[in-house]
Amino acid sequence: MSSMPSLSNRSEEAVVQDVWGRSLKALRVSVTDRCNLRCQYCMPEEEYVWLPRETLLTFEEIVFLTDLFTRQGVDKVRITGGEPLLRKNVPALVAMLRQNPRILDIAITTNGVLLAEQVQDLFDAGLHRVTVSLDTLKPERFKALTRRDTLAKVFEGIESVGKAGFTGLKLDTVAMKGYNDDELVPLIEYGRQVNAEVRFIEYMDVGGANEWSPEKVLSRKDILTSLSQHYGVIEPVVEESTAPAQRFRLPDGTTFGIISSTTVPFCSTCDRSRLTADGMWYLCLYAKSGVDLRKHLRSGRSQEEIQSIIQSVWQARKDRGAEERKELERQSGRGRYIDIDRLRQDPHLEMHARGG
Ligand code: SAM
Ligand code: SF4
Ligand code: SF4
């Protein structure tokens, strides 16, 4: 890629803040919009308008842009997708990102299907942490939810993580009424067996989640009520954190998390933004437009120019998408977020394009 500007050694360590004083600290990097599952809450259709291959950022471009973000304060990077492990040679990307000393934490979120075969290379490349999405322990349910019969591969993936040398495994579960609300305890018990902390995510009405309705959301309150009926008193874990999950402790010390994006949004501390596989930068999961960093990069803008775009865009950031969606409940009601026609015109609006 001849037009990419070279990186100067001049380091600018300032942490940039947005209009509400939120720092730019965490970057979610999507490496592909494609996926080998079709989770109903994320990709309800079988076919999509995919991002054209020639628009996908090369690893060099991802590393270059990530470097600019780290000069504005980013120190945590999460590799995601679509299914990130469908992209060839993700361990090489991890190794390249590890060259940047400003990055303190590199994690991946994966559906686990291809994890067992890549986990050792990911560990050896220097990946810090793994999160696997797991919504059910029941093969038939998994098949109905994801339209694929690969739960056994996911278990294999999960069980390979500790063996490869990783600690701090997380299992992310989208909790939905009438779907997996009877599996909260079994999921925590499974998490214990594999040394993983389970995090329950409230079902969100983002992107292509067209089947979303408030009745399907299993709220933080519902989750805590259900778990305390089984386990007894549940205490919140007191900690300073901008992480999306609020953590709780069971009487025996087991911890778990709840990401209450729908019923108790946490936009006021949100330090995350998202880079799509084709270089669009989104300041919020609900943002309907983003900044085309690929265009700037491939049109030969200098490092300083792109860095100053990132800085000024973040400084003007006012996004608080989940809070605004919640406010709608009190006003006109919370209808469909994005029409299907609009989703078909702009694949970036889909959750699988912006990485969850
Ligand atoms: N394919 C990978 C996976 O599933 O782990 C990474 C990308 S996926 C978009 C990232 C996360 O977004 C997953 O944990 C998934 O469960 C979550 N997600 C997708 N759609 C969601 C929705 N409508 N509400 C809440 N979480 C959702
Ligand atoms: Fe499921 Fe993740 Fe694929 Fe979406 S991107 S369909 S959440 S596996
Ligand atoms: Fe951050 Fe937007 Fe999610 Fe709020 S809705 S926590 S601002 S990404």
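The values are calculated or read from the model by the stated rules, or taken from the named source; none is laboratory data. Computed from a predicted model, the values in this text were never measured in an experiment. Here the Cβ is made from the backbone with ideal geometry for all residues, glycine too, and neighbour counts use every protein chain on show.
Descriptive notes on the structure:
- Considering only residues in region 284-333 that are among the hydroxyl-bearing types (Ser, Thr, Tyr) and within 15 Å of ligand 3 (Cβ to nearest atom), the one that is nearest to the chain's Cα centre (by Cα) turns out to be 286.
- Flag for residue 179 being within 16 Å of ligand 3 (Cβ to nearest atom), touching a helix residue (DSSP H, G or I) at 6+ places or on another chain (Cβ under 8 Å) and among the hydroxyl-bearing types (Ser, Thr, Tyr): no
- Annotation note: Cβ proximity below 7 Å between a residue of region 314-327 that is closer than 16 Å to residue 260 by Cβ and a residue that is among the acidic types (Asp, Glu) and within 16 Å of ligand 2 (Cβ to nearest atom) (sequence gap 6+ or interchain) occurs for 325/205.
- Figure legend. Inter-residue proximity from region 23-41: first residues closer than 20 Å to residue 62 by Cα and acidic (Asp, Glu), second residues near ligand 2 (Cβ under 9 Å from one of its atoms) and part of a loop (DSSP other than H, G, I, E, B), beta-carbon distance below 6 Å, spacing 6+ or different chains. Indicated pairs: 33/82.
- Filter pass, residue 84 being more than 22 Å from residue 169 (Cβ to Cβ) and out of contact with any Pro (no Cβ under 9 Å at 6 or more places or on another chain): no
- Region 45-89, subset within 15 Å of ligand 2 (Cβ to nearest atom) and free of Cβ contacts under 8 Å to residues at least 40 places away in the same chain, residue farthest from residue 207 (Cα to Cα): 85
- Residue 27 being out of contact with any strand residue (DSSP E or B) (no Cβ under 7 Å at 6 or more places or on another chain), modelled with pLDDT of 95 or more and either among the aromatic types (Phe, Trp, Tyr) or crowded, with 18+ Cβ neighbours inside 10 Å (or both): no
- Of the residues making up region 47-62, those that are over 14 Å from residue 280 (Cα atoms) and crowded, with 18+ Cβ neighbours inside 10 Å are 48, 59.
- Strands (runs of 3 or more DSSP E) within region 236-338 that include 3 or more residues within 16 Å of ligand 1 (Cβ to nearest atom): 255-259, 272-275
- Residue within region 181-188 that is modelled with pLDDT of 95 or more and out of contact with any Leu (no Cβ under 9 Å at 6 or more places or on another chain) present: yes
- Number of the condition not met by residue 205 [criteria: (1) outside any strand (DSSP E or B); (2) at pLDDT 95 or above; (3) closer than 30 Å to residue 343 by Cβ]: (2)
- Members of region 208-231 that are in a helix (DSSP H, G or I), closer than 30 Å to residue 344 by Cα and within 14 Å of ligand 1 (Cβ to nearest atom): 214, 216
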